[in-house]
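Throughout, read-outs are computed from the coordinates displayed, never taken from laboratory work. All values derive from a computational prediction rather than experimental measurement. Reconstructed Cβ throughout: ideal geometry from the backbone, glycine too, with neighbour counts over all protein chains shown.
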Amino acid sequence: MAQEFSKAFYNSKEWKKCRKSYIKTVKGLCETCLSKGTIKTGYIVHHTIKLTPDNINNPDITLNHELLRYDCLECHNTDELGEHNGKQGVLPLYKFDEDGQLIPISPP
């Protein structure tokens, strides 16, 4: 989910146009999977430079196709930076308890 400082950017016409054109350039495929020889549909356009309050208004960073990557959800959540789940390359695992509540479990 977008942080408060970036919500206006992600709702802007400029970002939506950039996102759409970028997806078209990579033919809608997950770039990370494709680099491993797997063909999978992408899900999210990812900025390879973390957006901050200091750079959110810099189109050379936010709208630059060279600084974007289109990934499927799994690749986005397990990116090499590990910034989306706090653990590099490990998806969080969950199960339901006897009351139907979702609870985290440790990975194997």
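Using the Cα centre of segment 4-77 as the reference point, and only Cβ charges (+1 on K/R, -1 on D/E), how large is the resulting charge dipole? Debye, rounded to the nearest 20.
380 debye
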- Task: Could you tell me which of the pairs LYS16/LYS36; LYS7/LYS27; LYS13/LYS40; LYS17/LYS50; LYS7/LYS40; LYS20/LYS40 are separated by over 24 angstrom between their Cα atoms in the structure shown?
- Result: LYS16/LYS36; LYS7/LYS27; LYS13/LYS40; LYS7/LYS40
- Considering only THR25, ASN11, THR48, whose Cα is most displaced toward the positive end of the charge dipole of segment 1-79, charges sitting on Cβ of Lys, Arg (+1) and Asp, Glu (-1)? THR25
